[in-house]
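Below you'll find the structure, written out as structure tokens, and then a few comments.
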Number of protein chains: 2
Amino acid sequence: MTVRATAEFSGTDPRTGERAPGAYVDATAAEVAAAARAARAAFLSEGDRRTFSDAALLRAVAEQIDARAAELCEAAERETGLTSARLTGEVARTTGQLRAFADVVDSGELLEPIVDAADPAATPPRPDQRRMNLPIGVVAVWGAGNFPFAFGVAGGDTAAAFAAGCPVVVKAHPSHPRTSELTAEAVHAALLSVGASSAWFSLLQGREHATGVCLATCDDVDAVAFTGSRSGGLALVRAAAERPRPIPVYAEMGAVNPTVVTPAAASARGAQIAQELGGAIVASNGQLCTKPGIIALVDDGAARALVGTLAELLAAGESQPLLDSRTKEAFVRGADELAAAPAVEVIARGAETDRPGSWQAPLLAQVAASALTSGVTQVEEVFGPAAVVAWCADEAELLKLLESLEPALAAGLYAEAEEAALHPIMVRLQRKVGRLVFDGITTGVTVGRATVHGGPFPATSIDGHTSVGMTAPRRFLRPVGFQGFPEAALPAALRRRAAS
Amino acid sequence: MTVRATAEFSGTDPRTGERAPGAYVDATAAEVAAAARAARAAFLSEGDRRTFSDAALLRAVAEQIDARAAELCEAAERETGLTSARLTGEVARTTGQLRAFADVVDSGELLEPIVDAADPAATPPRPDQRRMNLPIGVVAVWGAGNFPFAFGVAGGDTAAAFAAGCPVVVKAHPSHPRTSELTAEAVHAALLSVGASSAWFSLLQGREHATGVCLATCDDVDAVAFTGSRSGGLALVRAAAERPRPIPVYAEMGAVNPTVVTPAAASARGAQIAQELGGAIVASNGQLCTKPGIIALVDDGAARALVGTLAELLAAGESQPLLDSRTKEAFVRGADELAAAPAVEVIARGAETDRPGSWQAPLLAQVAASALTSGVTQVEEVFGPAAVVAWCADEAELLKLLESLEPALAAGLYAEAEEAALHPIMVRLQRKVGRLVFDGITTGVTVGRATVHGGPFPATSIDGHTSVGMTAPRRFLRPVGFQGFPEAALPAALRRRAAS
């Protein structure tokens, strides 16, 4: 148990550098342990006899957030610098997501019931075997800095855990303590309205790394869901691996997402593609984990024209505030390193501003693909409005570049539908990412049953699941088999259904 | 790279202590790396254009094993001491399993295709999103000592990996190098018959711990499947966690499996239950990972009579050979520790023999449940023909005991169908295991779609999946999403189907 950090903290308005409202203190180790212990006790008690419906809870959380939308957006605008329009849309996405999870719970498909009928005539005789998914226990959630709602306190991970039937302990993002606190109030009001224990959900504030490690290593925590930086995610993966009882850490850690533009596509609609890419690079000031980070083209006239247009767009791009001073520092450092990297040339930079706060302008650089495939230089994620154009001499070098890329979350592919190059490019991209987008930008993840937001390490720590969409609760479920049970004793989901 | 161990080794006949045929040497680090590198190259090449069918490969392996069944059983009998009847049955289970996986591959269900149609009228407009599972890459398999075929070189894990479309590198169990080599010959003949690269499957011999760690930490390996001891499994979990690129380790590590007999069941059919439990404890000389390890009863006359019958059966049980000298040493040590544990009393011991080899007789002990729940004593897995009876004063103590148990693979539940105690016992057991069996023994896992062979840590390292049955390939698959692609460019599985 650590001594409580007595220093209060608050968010900072990235548009002005001024302190945002509210005063918060780091949760102590005892508070972390108590939250997880209470969540486990509630989980065990609900396992005996359910007193509330997961779907009703999800809908109630949506309702409470909708009722507080204006206040939540105002707080988030002060703590993140994101625009009111963007935040209003994000709240709608968040409550839509909660209600969609409620519908999926109602459908029963998360339980994945399977019934294998007995076959007494088989050799050896086959018993009646049925199985379904059960919740794994207490889920600890780390929200992302760039989506204070959709990936926040009541965002996708919390919704997925609730949908799986798991209680949640959230570690609030240190940059938006007030937004987190207000959202937690909405969740607690929802718990009350459906008759659930208040221990089913807890919020822990904390700026200190130790608070997070304390939660991830807490014996009463059964899984971790994290969205954020690679260093933050890997720290939790390591901490969890060292527990006496290891637990899964589902860390979504961002990436350098590739977008490929084939010569045919560049020739057919280069100007439009440049517009789309330019918009995707600066949307939310580049602070989206599916932002195009590297744009691969075969060097020809059409591609040069496309990149010329893109460079003009970004050079004309205005400064926007980054989320917080840490994000700004990381962006400045990343941009400097990119500019200084061997064989890399900056070809566009938007106008800087000397306003206080975290304002930063867009950046576009270029590099020869051969410098990347030969290892002369490496491109790492620059979180913010920056991207790199990689010039390939020909299609063979483009394929070689794609083979050498570090795995990412999403890949864009601007090509013509009938192009011969389409298949070899797709094969290489699908080995590297969780989601391929044809003829469109990778940003803007639609939440549905087919959604995949994940990818091979280091994009995520576990690539067998998605962190967004209706199958995300699978992360917090485990299958349990029932052999030879009398019909009446089986869980309802295994009783109702005919043999499948 | 280590220097090749020049010392040759072979198996040992546990029935006689004599050296079994064959002479093998540990694979060198260079050989381990070369096998994994070749497997990756084959995987990448197949990703471009498939040259063989996974289902055809699975069926061909089954055919080649069937053709060599007599030779394989003879080799395994010499290296494991298991009976010819048991081994013949296990070969049939193994080839049946391979063919069942082939049927599942043909069904397409492993791909879990999902199609979300576009909705241009939605706000924001929903794109066409589709997803399916793709193979993750090279799977390294550690076979179990107790199932030289069903969990061996071409056992469930290899079959599951092939079904997922992944190449396999097997680390042979050190106790049956010849059985492993002969099985690998069957797999290679199958690869040849379907036109697959011989690099799609490799066998590595090795007694040394270093050979295994070398494989698990090899950069070209993408997942590990292990069946064996807790110490062996945890060593691989730790080794994989320390890689620069962490990979999943699916370790099935055995357990102390609980069986509960309620007073009503003991009263209604105590003698029959004693017969069933006695058979399950000594089947394959107790060397089954689902063997009942702890039998929980409420102390009354019927339960005493049941345990009396069980003790008589085990005391009359003959010595049988254990798998190898290491298993024998562990059993002797485990039995001694059990007998010496506080509050534990040995109540039956079969007749020992002084034959050379690994012969050991059954053992039954008893303990008061209060000694377990209070932490006075602990029961650990004794791999071999041993079990412990836990006496509970009443149903409340039985429930408390179940809450205190370490998680396991399977739980037995002898109860009456209408009994009030059934629900609270089920709820506690389903938190602790992957599979509950009503009114029957936990040994004998039927391979089907509803099969769950897994359980919370420490029974397995990752409890979100099963290591046996038709959904086991999910461990080696990851979802990939395709957004906005033209129909003709999509993988066939996403093209053929209507919107789901």
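A few points about this structure:
- Copies compared at A:Ala34 - label distances in nm, ascending, label defined 7 Å from Cα in the Cβ direction: 6.3
- The range B:361-406 and the range A:293-325 have Cα centres separated by 67 Å.
- Of the chymotrypsin sites (Phe, Trp or Tyr not before Pro) found in the range B:21-57, not one falls in a DSSP loop while having at most 15 other beta-carbon atoms within 10 Å.
- B:Lys171, A:Lys291 arranged by Cβ crowding within 10 Å, fewest neighbours leading: B:Lys171, A:Lys291
- Between the alpha-carbon centres of the range A:92-170 and the range B:52-90 there is a gap of 39 Å.
- Among A:Cys392, A:Cys289, a tally of other beta-carbon atoms within 10 Å of each Cβ gives an order, fewest to most, of A:Cys392, A:Cys289.
- Chain A, relative contact order in percent, only Cα pairs under 8 angstrom and at least six apart counted: 18
- Sparse-neighbourhood loop sites, GluC sites (Glu not before Pro) in the range B:404-473 - DSSP loop, at most 12 other Cβ within 10 angstrom: B:Glu418
- Here the relative contact order of the range B:62-190, from alpha carbon pairs under 8 Å that lie six or more residues apart, stands at 29 percent.
- Lysine pairs within the protein assembly as shown, Cα separation less than 26 Å, 8 or more sequence positions apart or different chains: 12
- Rounded to 5, the percent of DSSP beta bridges in chain B classed as antiparallel: 35
- Taking other C-beta atoms within 10 Å as the exposure proxy, B:Phe383, B:Phe149 rank B:Phe383, B:Phe149 from fewest upward.
- Other copies of A:Gly89: label-to-label distances in nm, shortest first, labels 7 Å along the beta-carbon direction: 6.4
- Here the relative contact order of the range B:392-499, from alpha carbon pairs under 8 Å that lie six or more residues apart, stands at 22 percent.
- Label geometry 7 Å along the beta-carbon vector: A:Ser374 inter-copy distances in nm: 7.6
- Helix-only CD estimate at 222 nm, as mean residue ellipticity for chain B, using -39500 (n - 2.57) per DSSP H run (n ≥ 4): -12500 deg cm²/dmol
- Looking down the axis that turns chain B into chain A, the chain B residue with its beta carbon nearest that axis, and the gap rounded to whole angstrom, comes out as B:Ala241, 2.
Quick note: the coordinates plus some simple rules give every number you see, no bench work behind them. Source: prediction; values computed, not measured. Reconstructed Cβ throughout: ideal geometry from the backbone, glycine too, with neighbour counts over all protein chains shown.
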